[in-house]
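Presented below is the structure to which this report refers.
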């Protein structure tokens, strides 16, 4: 019974990714179609990522952080759910779960 439980847990949860936190610098920042698109020096190097939080206020706050980081060339902290390391490349229009400034 224990072996069956162990095998089941590997089959059900074996491919789950943990959130990855990366410190990145923006290389591009654009707005259009009511979305914010950006590229970074790590996870969003090949494809544009977007801001897609639950409400407009959260997106506005996140955009303010991105803009401040972009104009000052400071690193921004991103939390990603769909990649397994900061060396990975996000898919097109991936959205971070968290955005913050780093010192």
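Over region 18-101, the fraction of Cα-Cα pairs per 10 Å bin, rounded to whole percents and listed from the shortest bin up, is 20, 59, 21, 0. Quick check: pseudo-label points 7 Å beyond the Cα along Cα→Cβ at residue 82 and residue 30, how many nm apart are they? In this crude label model, residue 82 to residue 30 measures out at 1.8 nm.
FYI, it's all coordinate maths here, none of it is from the lab. Just so it is clear, the structure is predicted and the values come from calculations on it, not from any experiment. Every residue, glycine among them, receives a Cβ derived from its backbone with ideal geometry; neighbour counts consider all protein chains shown.
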